[in-house]
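A.B. asks: Let me give you the structure first, and then I'll get to my questions.
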Amino acid sequence: MRVNITVNDEPRSDEVEPRLLLVHYLREVCDLRAANVGCDTTSCGACTVLLDGKSVKSCTVLTVQADGHSVTTAEGLDGGAEELHPVQAAFRAEHGLQCGFCTPGMVMATVGFLSENPHPTEEEVREGLEGNFCRCTGYHNIVRAVLHAAESA
Amino acid sequence: MIPAQFDYVRATSAEHALQLLGEHGDDAKLLAGGHSLLPMMKLRLAMPSVLIDIAGLPDLSGVRRDGDDVVIGALTKHGELAASEILEREAPLVAHAAGLVGDPQIRHRGTIGGSLAHADPAADLPSALLASDGWLELQGPEGTRRVAVDDFFTGYFETVLQPDELVVAIGTPRRMGAGWGYEKFTRRANDWGIVTVATVGGRVALGNMGPTSLRARATEQALARGASIPDAAELAAEGTEPVTDLHADGEYRSHLARVLTRRALTRAAG
């Protein structure tokens with residue numbers, strides 16, 4: 001089936017099988033490897049991307065469901081004049097990662113979360129990222145990074 | 001994990017979806033947010049040969065008032081329910097429970113119609129709607145019918161919804177200012193409740209205490225007789241047969257039902 005999807009602001013048109021998951025489309029068809037397949041069961045959030053600006057777990061979205069919509073991955077984050085997007089810069093500043101596997105999902109969940117709640121409390125950050133697991137358990141610095149990003153925005 | 005092969009068809013209206021259901025019968029499944037169906041398809045617990053995508057259907061999304069009821073389009077997402085000002089004011093139990101489903105990403109995709117049709121006894125919205133004395137509007141080839149949530153669930157993941165029917169709306173009585181309570185016991189963030197309790201207007205619904213969301217009838221009757229909250233809550237598990245699984249045994253679930261019912265009723269009375 002042919003799908004027309006805007007990926008990181010670039011319109012694309014691809015022929016896909018209906019069963020192709022969005023995360024596999026992004027990684028294998030678009031060659032965008034930021035979104036990771038972690039648990040593959042809608043739990044861990046490593047595959048989080050934005051679909052029309054809202055965070056979703058791309059292991060549980062069919063590519064055909066994104067037809068006519070817009071998808072943003074970590075590769076598509078725009079820092080403007082800066083090298084990094086403010087959320088990415090905040091994760092670097094606060095050392096909000098250890099092994100890094102969860103990081104693209106954490107960053108995208110954060111971008112989506114801050115668009116809905118630009119000035120969160122620490123508790124709201126923890127609730128807002130409850131769909132993303134860090135198996136290094138580096139949560140404290142991740143929460144600091146999100147608060148830092150909110151302050152610097 | 002990759003689902004088995006299927007054909008994908010996009011419905012352009014409720015009537016079109018019903019026509020497609022009629023053509024494909026039991027081999028077809030409706031796809032809205034897909035957050036119950038796709039995980040089952042990835043595990044090959046479900047292998048429909050046709051998916052009928054209804055996510056883009058107009059008029060099946062949103063929250064509105066209709067007389068004494070609040071009416072919710074079946075495609076309304078959990079996050080939209082949690083953020084709805086109408087629900088917050090007039091059916092806050094439903095908004096609150098919706099805000100506890102899964103995690104933010106899941107609430108951006110999952111729909112109320114999908115959650116009820118899926119009929120997981122541990123899910124949040126079935127119990128919230130059962131306690132609220134809600135109803136569903138089902139559309140089929142012969143027209144629409146209204147079913148009380150009390151009569152909707154028939155067993156584990158089973159409902160009275162027929163293979164050629166579509167959930168189009170969910171309703172709940174407007175309860176401005178009514179006390180309510182919702183308790184969900186989990187061990188980890190974004191888990192299903194090991195036991196949940198929802199209460200409003202003297203009705204008490206239990207989640208994960210049996211094959212369906214169910215009413216704590218003995219507690220409700222005790223309350224109606226004027227029993228105290230602690231005395232009524234002691235009866236919460238009466239008549240239930242909760243399962244033993246890796247999260248909790250049946251006896252512990254019964255204990256949770258009593259404790260959570262007391263908390264929910266206390267909150268509703270406060």
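A.B. asks: Would you mind counting up the charge near B:Leu166? Only other residues with Cβ under 11 Å from its Cβ, with Lys and Arg at +1 and Asp and Glu at -1. Kindly include the intermediate steps, with their values, before the conclusion.
C.D. replies: On the way: positive: none; negative: B:Glu15, B:Glu137, B:Asp164, B:Glu165.
Result for the neighbourhood of B:Leu166: -4.
A.B. asks: Considering only DSSP beta bridges with both partners in chain A, what is the antiparallel share in %, to the nearest 5?
C.D. replies: Details: 13 of 15 bridges.
Of the beta bridges lying entirely in chain A, close to 85 percent run antiparallel.
A.B. asks: Under 10 Å, Cα contacts only: if you run a Gaussian network model on chain B, which one of B:Ala178, B:Ala131, B:Ala224 comes out with the highest mean-square fluctuation?
C.D. replies: Maximum fluctuation in the GNM of chain B, among the listed residues, is at B:Ala224.
A.B. asks: Counting other Cβ atoms within 10 Å of each Cβ, which trypsin sites (Lys or Arg not before Pro) in the range B:193-267 have at most 12 and sit in a DSSP loop? Working shown, then result.
C.D. replies: Numbers: sites: B:Arg203, B:Arg215, B:Arg217, B:Arg225, B:Arg253, B:Arg258, B:Arg262, B:Arg263, B:Arg267; in loops: B:Arg225.
In loop regions of the range B:193-267 (DSSP not H, G, I, E or B), the sparsely surrounded trypsin sites (Lys or Arg not before Pro) are B:Arg225.
A.B. asks: To one decimal place, what Kirkwood hydrodynamic radius in Å is obtained for chain B from all pairs of distinct Cα atoms? Before the final figure, lay out each step's value.
C.D. replies: Numbers: mean 1/r = 0.0531 Å⁻¹.
Result for chain B stands at 18.8 Å.
A.B. asks: Tally up the carbon and sulfur contribution to the accessible surface of chain A as a whole percent, 1.4 Å probe, everything protein left in place.
C.D. replies: Details: 3320 of 6900 Å².
Carbon-and-sulfur percentage of accessible area, whole number: 48.
A.B. asks: Next question. For the range A:27-85, run through the GluC sites (Glu not before Pro) and keep only the ones in DSSP coil with at most 13 other Cβ atoms within 10 Å of their Cβ.
C.D. replies: Details: sites: A:Glu28, A:Glu75, A:Glu82, A:Glu83; in loops: A:Glu82, A:Glu83.
Those satisfying the criteria are A:Glu82, A:Glu83.
A.B. asks: Which of the residues in the range B:1-28 show a loss of at least 10 Å² in accessible area from their chain by itself to the complete set of protein chains, at a probe of 1.4 Å?
C.D. replies: Those are B:Met1, B:Ile2, B:Pro3, B:Gln5, B:Phe6, B:Tyr8, B:Arg10, which lose 10 Å² or more relative to the chain on its own.
A.B. asks: For chain B, modelled as a GNM with alpha-carbon contacts under 10 angstrom, which of B:Val147, B:Val195, B:Val71 fluctuates the most?
C.D. replies: Among B:Val147, B:Val195, B:Val71, the largest GNM mean-square fluctuation belongs to B:Val147.
A.B. asks: Can you give me the P(r) profile for the protein assembly as shown? Cα pairs, bins 20 angstrom wide beginning at 0, each as a whole percent.
C.D. replies: 26, 55, 18, 0
A.B. asks: Using a 1.4 angstrom probe, figure out how much accessible area the protein assembly as shown has per residue, in square angstrom, rounded to the nearest whole. Write down the numbers at each step before the final one.
C.D. replies: Numbers: 18420 Å² over 423 residues.
For the protein assembly as shown, the solvent-accessible area averages 44 Å² per residue.
A.B. asks: Oh, and also: Compute the angle between helix A:103-116 and the longest alpha-carbon principal axis of chain A, please, reported from 0 to 90 degrees and rounded to the nearest 10.
C.D. replies: 80
A.B. asks: With both partners inside chain B, how many of the DSSP beta bridges are antiparallel, as a percent to the nearest 5? Each step should come with its number before you reach the end.
C.D. replies: Values: 36 of 44 bridges.
Rounded to the nearest five, the antiparallel share is 80 percent.
A.B. asks: Which three extents, in whole angstrom, do the alpha-carbon atoms of the range B:7-53 cover along their principal axes, largest first?
C.D. replies: 30, 19, 13
A.B. asks: Please work out how much accessible surface A:Met1 shows to a 1.4 Å probe, ignoring ligands, DNA and RNA, in Å² rounded to 10.
C.D. replies: Accessible area of A:Met1: about 70 Å².
A.B. asks: Of all the C-alpha pairs in the range B:107-179, what % are more than 16 Å from each other?
C.D. replies: Percent of Cα pairs beyond 16 Å in the range B:107-179: 47.
A.B. asks: On the accessible surface of chain B, probed at 1.4 Å, how many percent belong to carbon and sulfur atoms? Provide the component values of the computation, followed by the final result.
C.D. replies: Working: 5540 of 11530 Å².
Carbon and sulfur together cover 48 percent of it.
A.B. asks: Right, here's the next one. Considering only DSSP beta bridges whose two residues both sit in the protein assembly as shown, what percent are antiparallel, to the nearest 5? Can you show the working numbers first?
C.D. replies: Working: 49 of 59 bridges.
Counting DSSP beta bridges with both partners in the protein assembly as shown, the antiparallel share is about 85 percent.
A.B. asks: Report the accessible surface area buried between chains B and A, summing both sides, using a 1.4 Å probe on protein heavy atoms only, in Å² rounded to the nearest 100.
C.D. replies: For chain B against chain A, roughly 2300 Å² becomes buried.
A.B. asks: Just to confirm the number: angle between the C-alpha axis of helix A:139-152 and the first principal axis of chain A, 0 to 90 degrees, nearest 10?
C.D. replies: 90
The values are calculated or read from the model by the stated rules, or taken from the named source; none is laboratory data. The structure displayed is predicted, hence computed values, not measured ones. Heads up, the Cβs are rebuilt from the backbone with ideal geometry, glycines too, and the neighbour counts pull from every protein chain shown. The protein model used for the area step is the full one, side chains on, heavy atoms only, and it has no ligands, DNA or RNA in it. Shrake-Rupley method; radii C 1.70, N 1.55, O 1.52, S 1.80 Å.
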